[in-house]
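Everything on this sheet refers to the single structure shown next.
The values are calculated or read from the model by the stated rules, or taken from the named source; none is laboratory data. Because the structure is predicted, anything quoted here is derived from the model rather than measured. All Cβ positions, even for glycine, are placed from backbone atoms using ideal geometry, and neighbour counts span all protein chains on display.
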Amino acid sequence: MFWFCSSKKLVKSTKNKRLTNRPDPDRIRVYEQQKGVQYMSKVKQWAEDTAEKAVDNIIFMLKDGQIDLTTAVEKTMKVDNVNMLGIDENNVEEALCQ
């Protein structure tokens, strides 16, 4: 009979013939889920940042006089992930004219 440490508890093991320090599978699963959340939040932040930069460029061109309001609305609605900024068909003109 041997002892091994699993999640801060010593557990008797008759299966293993050597001492092992194996991590608890449930803890690994939770850690992987937490890492996934971190990766997802980074991807979401990246998507928001890229959409915001694209909309800022469109606003700059609108204020500079390079494009008119209808073209700005069309270009804004074609930006990927623009809905993450809270911009949709109903309030796109308000967002551009602020």
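General observations
- For beta carbons closer than 8 Å, sequence separation of 6+ or different chains, a first residue in the range 56-67 that is more than 15 Å from residue 87 (Cα to Cα) and a second that is assigned to a helix (DSSP H, G or I), the qualifying pairs are 61/72; 62/69; 62/72; 62/96; 67/58; 67/61; 67/75.
- The criterion of being within 18 Å of the chain's Cα centre (by Cα), among the β-branched types (Val, Ile, Thr) and modelled with pLDDT of 90 or more does not hold for residue 71.
- Any hit, the range 28-42, residues being out of contact with any Cys (no Cβ under 8 Å at 6 or more places or on another chain) and modelled with pLDDT of 75 or more: yes
- Test: residue in the range 45-54 that is of a type in the set (A, V, I, L, M) and modelled with pLDDT under 60: no
- Conditions (1) over 24 Å from the mean Cα position of the chain (by Cα); (2) surrounded by 10 or more Cβ atoms within 10 Å (Cβ to Cβ); (3) at pLDDT below 90; number of the one not met by residue 63: (3)
- Within the range 42-81, the set of residues being in a helix (DSSP H, G or I) and polar (S, T, N, Q) comprises 45, 50, 57, 70, 71, 76.
- Residue 7 vs. criteria at pLDDT below 90 and touching a helix residue (DSSP H, G or I) at 6+ places or on another chain (Cβ under 8 Å): yes
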